[in-house]
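Input: a single structure, listed below in structure tokens.
Taken together, the values in this text are just the output of simple stated rules run on the coordinates, not laboratory data. Source: prediction; values computed, not measured. Here the Cβ positions follow ideal geometry from the backbone for every residue, glycine too, while neighbour counts run over all protein chains shown.
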Amino acid sequence: MIENLLDFSHFAWVHPGILGDSTNAMCEPREFVKVPQGFHYEIIQPVNRLKADSAAIQRFTVILPLTLFIERRQPGGPEKQTNIYLCSPISDKETKYFRLSGRNYRDALSDEELNEKHRTIFEQDRVIVEAQRPEELPLDLTEELHLRGPDTAGLEYRRALQKMGIRWSH
């Protein structure tokens, strides 16, 4: 769940027009900054509902092992939105998550419309994630091919889990 939320490289292909833009799909390597109990990084978000003529900035902050903050702010403006994801595995193949969301501005969409948009995004993700193999998250980074840029957030997360001594049982 956390790795999917961290993966900004899929936005252009899985969430076009909502989170990504297939005409602007480059995923440059990110700088990861260590923070107590985790790390953070920022991306430029090309799809911006509030200011269509400029990109937003998103900061992803991981608090290990299963908490993620995603803060979206507007360049040159005070508008900021924060989503907090608290994840709790309930079985080997299921995770329950809680999402807390807040913003310091009135959105043009109602809360129900924003929640529906969120459900759409997660349904788009669910279809892709459930089709992936292997189902388990390989913590041994030599088990997969990785690309510099698109895979850097997931790799940083897996390295951090390894350092915590987390291992999956099969």
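Quick notes on this structure:
- Chain lengthening between Thr120 and Ala55 when straightened (0.36 nm per residue, less Cα-Cα): 21.2 nm
- Long-range lysine pairs (8 or more apart or interchain), the chain, Cα under 23 Å: 7
- Cα lying deepest toward the dipole's positive end in the chain, options Ser91, Gln74, Asn115, charges on Cβ: Gln74
- Separation of the range 64-137 and the range 1-40, taken as the distance between their Cα centroids, equals 12 angstrom.
- Against the main long axis of the alpha-carbon atoms of the chain, helix 111-131 sits at an angle near 30°.
- Cα gyration tensor category, rounded, prolate or oblate, for the range 28-113 with a/c compared to 1.5: oblate
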